[in-house]
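Notes follow the structure.
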Amino acid sequence: MMMRLSTNTTSFSPSTGKFREAAAGIFATKTSFFTSLQAPQGWCNSGRISRFVFPGEKISRPPSFSSTISANMSLPSKVVEHIVFFNVKEGTPPGKTNAMVSALQGLRSLDTVLQLTTGPILHVTSDTYKYTHALHSRYKDKQGLADYSGHPQHLSVVKELVLPIVDDIFAFDWEADLDGPMMPAYGALKMTVLNPKDLAHPQRFELVEILSGYKSIFPTIGQVSFGENFSPARAKGFTWGFLSLFPGVKELEELNKNEEHIKLQVEKVLPQMEKFMVVDMITNLASL
């Protein structure tokens, strides 16, 4: 039972090993809430970074850990992303942990759930936060998420099987305008939350352009998603949410080891962040 989480709230120095290690865990996606930005005068694109997208445009499975969606559901291109990180208390009997995971996974049968997967974290690197398990789910809209959150089955699982064995919960939600139909199944995912510094307009524009073009730069990523959190109560001050989905753990590990990915994060992304947190999760433990 494992996933990868990396967090940091300290200042960054590109020459440090910790900075480089953290960079291997960062990823990015596309944006919808930044599409109102206009390019600074004289702005030009460079290298392989894809251009920023302006208003009206779009940017470009085991029994107990399945991420597939119901066969009778269509594959939307607009979704609400919901991620939750849990820290199971030390000394919790494995049976209780497994019961929590199984019950959470059972929530994928609820009508408003388009997609849901939950399980243990692959690997954790954290200075500030500690989490052992995560959940990712998708909904058609905010109302779908609200219906899921208030459903008696969900409330019962949280009250009876989650809260008694966890000592910290992190939750984060955003609306995503995907670059295509929702990926019907995935074997691994990278969930990232960020809190950027107050940036000048050109710096923010460049950062968004980098993040929005990530999938085109790194084709091992199957789908990306990017948005601004609309549920701050349990988000610990993080404001941006990013998601990368991969066909399997092989593609996830290829990205994590990619020198271009690491360099891009070290030089362009992480220096612009006050803090960040990254979780890598696989949906098929048999692939380890």
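All of Lys215, Lys190 fail the test of being at pLDDT 90 or above, farther than 14 Å from Arg138 by Cα and buried (at least 18 other Cβ atoms within 10 Å of the Cβ), apart from Lys190. Each residue in the range 190-210 was checked for being under 20 Å from Met281 (Cα atoms) and either out of contact with any Gly (no Cβ under 6 Å at 6 or more places or on another chain) or of a type in the set (Lys, Arg) (or both), and 4 of them qualify.
Suppose the filter is part of a loop (DSSP other than H, G, I, E, B) and either surrounded by fewer than 18 Cβ atoms within 10 Å (Cβ to Cβ) or modelled with pLDDT under 50 (or both); does Ser64 pass it? It is true that Ser64 is part of a loop (DSSP other than H, G, I, E, B) and either surrounded by fewer than 18 Cβ atoms within 10 Å (Cβ to Cβ) or modelled with pLDDT under 50 (or both). Is it fair to say Leu255 is under 15 Å from His123 (Cβ atoms) and either within 16 Å of the chain's Cα centre (by Cα) or part of a helix (DSSP H, G or I) (or both)? Taking the combined requirement at face value, the residue satisfies it. Report yes if some residue within the range 198-209 is aromatic (Phe, Trp, Tyr) and surrounded by 21 or more Cβ atoms within 10 Å (Cβ to Cβ); otherwise report no. Checked against the condition, which is being aromatic (Phe, Trp, Tyr) and surrounded by 21 or more Cβ atoms within 10 Å (Cβ to Cβ), the range 198-209 yields no hits at all. With the requirement that a residue be buried (at least 19 other Cβ atoms within 10 Å of the Cβ) and either closer than 22 Å to Leu155 by Cβ or small (Gly, Ala, Ser) (or both), what does the range 109-130 give you? If the condition is that a residue be buried (at least 19 other Cβ atoms within 10 Å of the Cβ) and either closer than 22 Å to Leu155 by Cβ or small (Gly, Ala, Ser) (or both), then Val113, Leu114, Gln115, Leu116, Thr117, Thr118, Gly119 are the ones that fit.
Restricting attention to the range 130-152, the residues being assigned to a helix (DSSP H, G or I), over 23 Å from Thr97 (Cα atoms) and in contact with a helix residue (DSSP H, G or I) (Cβ under 9 Å, 6 or more places away or on another chain) number 0.
If you go through the range 108-120 one residue at a time, do you hit one that is at pLDDT 95 or above, under 30 Å from Leu211 (Cα atoms) and in contact with a Gly (Cβ under 6 Å, 6 or more places away or on another chain)? Yes, some residue in the range 108-120 is at pLDDT 95 or above, under 30 Å from Leu211 (Cα atoms) and in contact with a Gly (Cβ under 6 Å, 6 or more places away or on another chain).
Do we find a residue being outside any strand (DSSP E or B), within 23 Å of Asn98 (Cβ to Cβ) and in contact with a helix residue (DSSP H, G or I) (Cβ under 9 Å, 6 or more places away or on another chain) anywhere in the range 113-128?
Initial filter on the range 113-128 (outside any strand (DSSP E or B)): 121, 127-128.
Narrowing the set further to residues that are within 23 Å of Asn98 (Cβ to Cβ) leaves 121.
The next check asks that each one be in contact with a helix residue (DSSP H, G or I) (Cβ under 9 Å, 6 or more places away or on another chain); those that pass are none.
No, that holds for no residue.
Against the condition touching a helix residue (DSSP H, G or I) at 6+ places or on another chain (Cβ under 6 Å) and at pLDDT 90 or above, how does Val84 come out, does it pass?
Working: touching a helix residue (DSSP H, G or I) at 6+ places or on another chain (Cβ under 6 Å): no; at pLDDT 90 or above: yes.
Spelling it out, it is not the case that Val84 is touching a helix residue (DSSP H, G or I) at 6+ places or on another chain (Cβ under 6 Å) and at pLDDT 90 or above.
Looking at Val279, Val249, Val224, just one residue is closer than 23 Å to His82 by Cβ, of a type outside the set (Gly, Ala, Ser) and out of contact with any Lys or Arg (no Cβ under 9 Å at 6 or more places or on another chain), and that residue is Val249. Residues in the range 239-259 that are more than 20 Å from Asp177 (Cα to Cα) and hydrophobic (A, V, I, L, M, F, W, C): Val249, Leu252, Leu255.
The values are calculated or read from the model by the stated rules, or taken from the named source; none is laboratory data. Since the model is a prediction, treat every value here as computed from it, not as a measurement. When we count neighbours, we look across all protein chains shown, and the Cβ atoms used for this are built from the backbone with ideal geometry, even at glycine.
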